Each structure stands twice: as structure tokens, then as C-alpha cells.
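In what follows, a single structure is set out as C-alpha cells and then discussed.
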Amino acid sequence: MKTATKYIHAGAEPDPSTGAIMTPIYQTSTYVQEAPGVNKGYEYARSQNPTRTALEEAYAQIENGKFGLAFSSGVAATDTVMKLLVPGDEVIAANDMYGGTYRLFSKIYEKFGIQFTYVDTTHAANIEQAISAKTKLVWIETPTNPLMNISDIEAIAKITKAKNVLLCVDNTFASPYLQNPLDLGADIVMHSATKYLGGHSDVIQGALMMNDAALREQLYFIQKSCGAVPGPMDCFLVLRGIKTLHLRMQRHCENGAKIAHWLRNHPKVGKVYWCGFEDHPGYAIAKKQMRDFGGMLSFELKDDSMEAAKKVLSSTKLFSLAESLGGVESLINHPATMTHASIPREKRIANGLSDTLIRLSIGVEDADDLIADLEKALA
Ligand SMILES: *Cc1c(COP(=O)(O)O)cnc(C)c1O
């Protein structure tokens, strides 16, 4: 089935009791059983909920996976993957990734005796070198947040497969519309569905997708044992969001390309980070593993003072100053004080994330209006 058709029909069966074409919001905590142990597959809503079941089916399909699981947030999905591990296990993670993932790893899981090695995953060989007998998981993000670095999923999957190590890819920035890591050999895909999947900045949710039935069982066991499940209303919102993912992503990509090129030619703008530039170091890999380049980009001003950056950050009208990304409306963000403040400054600078970097989530408005807004703010 082609993408557009899949996004509209994934997980959507008419409601068996009424024929409702849209999956109802099953706002219930429990289900009446006919006799002890005789039920319709639903016992208690932490374990199963029909709205969530429909969404989990959709999650599987949109990532070309066999199974999907929904969580109360993206970090809850990440947390669930981490609970596959035991003290003494090692994780190799990207040195440039979502600040909240780094915080979970360094502030929560280190305490429980999990060891982390952070490497530059844009070179797959760095991962191969770092893998030891204790390594159980490799965690990557591509494109990365906020520097738009690209890692070669297929090359990394070859390494992890050979060493019997799980590979989990945070696919939030690309969305399933642009990239499908399971097809490239990853074992688990993680999404913050809060972003492009929900698409309307009105829900917090996370997802995991996988092909291996035993792995699905382990992750489902953690989901129901630890309880970070989303409510049915949130599942309904993400189901609705997925139906227009392809339409939104097309426009995010078109607008992203226009604004990236425009910024690059602007006399006040310094470096622009966008993986669609032919001279971007990850361009060839992006071209190979992604269908387009997305709507996320970052840039620095030629004037690298904090005042200049702050001025731009507080002068836009259409771009709202806020954390998050992937909604229909455009957002402007200051990683150093907002999304990435949980990463120590020395570490940020060492990874190339300057104090004055500005990140944009390009929405689906008219590109000319967005450019005019940035033009005014830069002036
Ligand atoms: C937002 C985000 C997360 C965390 O997801 P939440 O839904 O906020 O918990 C993880 N990874 C990336 C790349 C993100 O942008």
C-alpha cells in the first residue's frame, strides 16, 4: 500500500458496536467480564484499551513494522527501552541528541549502574570501536537535534547485528514519512509522537515500533508493569494526526528548503544547519536513507553575541518562541537555554552546539510570510 493510503487507513476499522468510522475514545478504566477469565480481550485499561490498540496498529504500519506500542510521552518510550537493561550493561549513544534523552541516561540510568559511552555516530566506525562485550544497546538519532547531523542507519545496523547488540533509532525529526529505520536494519524505532505524528502541538505521547515478537513481548511487559500508558483521548488525537502526516510533511519539507536557502543567502546569517545542502557532511547519506530533508533547521548569526541572538529570538511574530517542534505552526527555539539546557555547557560546546544557535521548526504556513517574519526579526 502506498504511503498516503496507509496513513489514512492504518489501524482504522469501523467500530464493531456502532459502525462509527472514527475509532471512538474508549474513556474507560475497566471492562465487564462475562465470567471469571472470560472477556473480549480487554481486562483493565493500563494493559489494553481499544483506542490505543487502533493507534498501536497504526504505529506498526507507518514504520513498516510488525508491532507498535504507545506511551504517555516520548521519554516514557525511551525509558521503556532502557528497562530492557540490567546493571553492568553498556549503552553507546550519540553525543548529539535530544537533551531529555541525555538527562534520562545520565541522571537516572547511570545511578542504576548502566554505563554510557557517547560517540560521534556520524562515523559508524566510532560505534564499532566503542562496542565491548557488555554493550547491549546502541542509541542514535538522525537527523540530530539541533545540529542536523546524519548517521548511516544501515551501516550502523550491520555493525550492531554482527555484535548482537540492539539498535534503537529516535526517528522523531525525520518522521516515518521521510525515513523508516526498521527497513534499514534497526531493531526498535522510537518517536516522540508529540511532534510530527500528533502534528498539532496538542498532545504529549511516545511510540515504539519493532519487528521481533519476543522483543515486543518484553517491551509490552514493561509497558503494562511500569504503566506509562497514554490516555484514550491522546491516542485519538495522534490517530487523527497521522491521517495528514504526508500532507503536512510535504509542506514542512518545501518550506524548510525555501527558508534554508533564503537564510544561507542572508548577509546577517552565519552557518545554516540543514541536511539538504549538498555541502552538508551528511548529505549523501541523507539522500540515500531519507525521502526529503524535513522542516527542521538551525542557524547562527554572523554577530555571535548573545544580545543579537536574543533580539532575533524575541522579535519574530509568526514564529513563536517555544520548545517542541513538528506542529503545523512555526516555532523558534534557543537550544542553549531551552531544549538543551540539561546538557552541561562544556559538553554542548564540545559537540558544536554554540550558545547562540537558533533552531527553527518550520510549520506549514505560507513560506513567503515566514520569510517576511524572519526578515523583519533579522533587521
Ligand atoms: C521531544 C523529543 C523527545 C522526547 O519526547 P516527549 O514526547 O517530549 O517526551 C525525544 N526525542 C526527540 C528527538 C524529541 O524531539
- [ ] Give the distance, in whole Å, between the Cα centre of segment 259-323 and the Cα centre of segment 202-224.
- [x] 33 Å
- [ ] Taking the dipole about the Cα centre of the chain, with the C-beta of Lys and Arg at +1 and of Asp and Glu at -1, give me whichever of L353, F112, A322 is farthest to the positive side.
- [x] F112
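Can you tell me how much longer the chain between D279 and T5 gets when fully stretched, taken as 0.36 nm per residue apart minus their C-alpha distance, in nm with one decimal?
On the way: separation 274, 0.36 × 274 = 98.64 nm, distance 3.47 nm.
Difference between extended and current length: 95.2 nm.
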Open item on the list: Give me the net charge for the shell around A372: Cβ to Cβ below 13 angstrom, other residues only, Lys and Arg +1, Asp and Glu -1.
Closed with: -3
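Report relative contact order for the chain in percent, whole number only (criteria: Cα-Cα under 8 Å, sequence separation at least 6). Walk me through the intermediate numbers first.
Working: 756 pairs, mean separation 66.1, N = 379.
Here the relative contact order equals 17 percent.
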Task: For segment 149-154, 3J(HN,Hα) per residue [Karplus equation, 6.51 cos²θ - 1.76 cosθ + 1.60, θ = phi - 60°, Hz, x = Gly/Pro] - done: 6, 10, 10, 7, 4, 5
TODO: Give the distance, in whole Å, between the Cα centre of segment 120-152 and the Cα centre of segment 79-106.
DONE: 12 Å
Task: Two-site FRET efficiency, L247 against E34, from Cβ-Cβ distance with R₀ of 41 Å, rounded to 0.05 - done: 0.40
- [ ] Before rounding to the nearest 500, sum -39500 (n - 2.57) across all DSSP H runs of length at least 4 in the chain and divide by the residue total; then give [θ] at 222 nm in deg cm²/dmol.
- [x] -10000 deg cm²/dmol
TODO: Using a cut-off of under 20 Å, list every residue of segment 231-258 whose amide N is near the label point 7 Å from the Cα of I21 along the Cα-to-beta-carbon line.
DONE: 236-248
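Please give the FRET efficiency for D369 paired with K268, using the beta carbon to beta carbon distance and R0 = 22 Å, rounded to the nearest 0.05. Please list the in-between numbers first.
Values: r = 20 Å, r/R0 = 0.89.
Using R0 = 22 Å, I get an efficiency of 0.65.
Semi-axes, largest first, in whole Å: what does sqrt of 5 times each Cα gyration tensor eigenvalue give for segment 38-110? Can you show the working numbers first?
Working: eigenvalues 170, 47, 26 Å².
They are 29, 15, 11 Å, listed largest first.
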Open item on the list: Whole-Hz ³J(HN,Hα) for each residue in segment 253-267, computed from phi via Karplus 6.51 cos²θ - 1.76 cosθ + 1.60 with θ = phi - 60°, x for glycine and proline: what do you get?
Closed with: 5, 4, 5, x, 5, 4, 6, 4, 5, 5, 4, 4, 8, 7, x
Task: Most mobile of A186, A35, A213 in a GNM of the chain (Cα contacts under 10 Å) - done: A35
Task: Evaluated at q = 0.07, 0.13 Å⁻¹: base-10 log I(q)/I(0), Debye formula over Cα of the chain - done: -0.31, -1.05
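Determine the shape class of segment 121-163: with a ≥ b ≥ c the square roots of the Cα gyration tensor eigenvalues, call it rounded for a/c under 1.5, and otherwise prolate if a/b is greater than b/c, oblate otherwise. Working shown, then result.
Numbers: a/c = 2.28, a/b = 1.89, b/c = 1.20.
It is prolate, given that a/c is not under 1.5 and a/b is the larger ratio.
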Task: Given charges at beta-carbon only (K, R positive; D, E negative), |dipole| of the chain in Debye - done: 260 debye
Task: Residue (of N171, P16, A45) at the positive-pole extreme of segment 3-242, dipole from beta-carbon charges - done: A45
Open item on the list: Quick check on my link table: of K134/K347; K163/K288; K2/K66; K136/K195, which ones sit more than 21 Å apart, alpha carbon to alpha carbon?
Closed with: K134/K347; K163/K288; K136/K195
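Over its Cα atoms, what ratio of radius of gyration to 2.2 N^0.38 Å does segment 215-337 give?
1.36
Values quoted throughout were computed directly from the atomic coordinates according to the rules given, and no laboratory measurement underlies them. As the structure is a prediction and not an experimental result, all values here were calculated from the model. Reconstructed Cβ throughout: ideal geometry from the backbone, glycine too, with neighbour counts over all protein chains shown.
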